[in-house]
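J.: Please see the structure below; I have some questions.
Just so you know, all these numbers are worked out from the coordinates, no wet-lab data involved. Owing to the predicted nature of the structure, the values given are computational and were not obtained by experimental measurement. Using ideal geometry, Cβ is built from the backbone for each residue, glycine included, and neighbour counts are taken over all protein chains shown.
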Amino acid sequence: MEIKLKCAENSAMILDKGAELRSLDIGGKELMWCADPTYWGKSSPLLFPMIGNLRGGKTMINGKEYSITKHGFARDNVFEAEQISDSEAVFKFRSNEETKKCFPFDFELKLTYRLNENGLTIVYYVTNTGTAAMPYCIGAHPAFACPNEDGAQFSDYELIFETPETVRSPIMDLVTRMWQDTNRIERLNNSSRFALEYSLFDNDCVYFDTIRSKSVKLVSKRSGSGVMLSWQGFDTLGVWTPDHKNAPFVCIEPWCGCDDYDSENSIFDQKRGIQSAAPGQTKEYSIEISRCN
């Protein structure tokens, strides 16, 4: 099922499967990747309760071994959808016997989409409906069309962070699918500008795991126009595109949690960036997407 939102000249479309944003048109400009399966058949999956990969695909929760698939199961499940108004919709998903086979907790996920004259706000609510503390990861994975101007190339674009950053990113081991904690590469040195090239993604995601900024712009170096993504509650940022296909999009992904580091153990609640909700507690995260000139 599709839910369509409208506000002034802006429109959005969200699927009930995964509560996934599939289209966002701001002032007549489509910002999102079209989910062409030739490259990647998604546009903005929700990552929960896992981000990336586990060591050997396994983890320990309360002394028992579990398997959680890459990026978790939320993106593959149908959410209960309710259109509140022309410009707002709510999506809910609750734990069940299937989810407990890999993630033994009671929870409710709720996503609220609010379209306004400037863009789109997505609020993520994680509620622990059980009786024990619940560790989890959560992340957004929006994919933006890039290039998004006639005649432009991927390398004509750059990311501009809110504040100057100094970041040495871990490198992904493509065999173990873990971050190499001591094998890092300098991405930014007191700079806010990060030029895009497909070669940056030879080892999968570029991970800004020590970032301070809470917003970033994806802009054309030719025109200065593009899209801005802001976030609250999330700690780190992944940037990804499947470079080997020269895919015409880039994902900008605020995260809490990530793939396992090679320096970590396999205990889930000790993962770097892990979140925890007490019984009855609701935790909130959000992103905002808008055009910039």
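J.: Only four residue types carry charge here, +1 at the Cβ of Lys and Arg and -1 at the Cβ of Asp and Glu. Report the dipole size of region 23-178 about the Cα centre in Debye, rounded to the nearest 20.
T.: 1020 debye
J.: Please report the spacing between the Cα centers of region 223-250 and region 259-277 in Å, no decimals.
T.: Cα centres, region 223-250 to region 259-277: 24 Å.
J.: Hey, another quick one. Suppose a student asked you for the relative contact order of region 178-238, using Cα pairs under 8 Å spaced at least 6 residues apart; what percent would you report?
T.: Over region 178-238, the number comes to 29 percent.
J.: Please compare each pair in K92/K245; K4/K42; K42/K101; K70/K283; K4/K217 to a cut-off of 27 Å on the Cα-Cα distance and tell me which ones are over it.
T.: Violating the 27 Å limit, Cα to Cα: K92/K245.
J.: Here is a follow-up. Using θ = phi - 60° and the Karplus form 6.51 cos²θ - 1.76 cosθ + 1.60, what ³J(HN,Hα) does each residue of region 126-139 get, whole Hz, x for Gly and Pro?
T.: Those phi angles translate into 10, 10, 7, 9, x, 10, 10, 4, 10, x, 6, 10, 8, x Hz.
J.: Now a separate question. Which FRET efficiency, nearest 0.05, do C34 and V175 yield, Cβ-Cβ r, R0 25 Å?
T.: With R0 = 25 Å, the Cβ-Cβ based efficiency is 0.20.
J.: Between A195 and T282, what is the spin-label point distance in nm, taking each point 7 Å from the Cα along the Cα→C-beta axis?
T.: Here the answer is 4.7 nm between the modelled labels.
J.: Next question, about the same structure. Provide the packing ranking of 118-125, 268-275, 191-198, 57-64, i.e. peptides ordered by the mean count of other C-beta atoms within 10 Å per residue, highest first.
T.: Taking the mean over residues of other Cβ atoms within 10 Å, the ranking is 118-125, 268-275, 191-198, 57-64.
J.: What percent do you get for the relative contact order of the chain when only Cα pairs under 8 Å and 6+ apart count?
T.: 21 percent
J.: Give me the dipole magnitude in Debye, nearest 20, for the chain about the Cα centre, with unit charges on the beta carbon: positive for Lys and Arg, negative for Asp and Glu.
T.: 300 debye
J.: Need the C-alpha centroid separation for region 27-66 versus region 179-194, integer Å.
T.: If we compute the Cα centre of each part, the gap is 23 Å.
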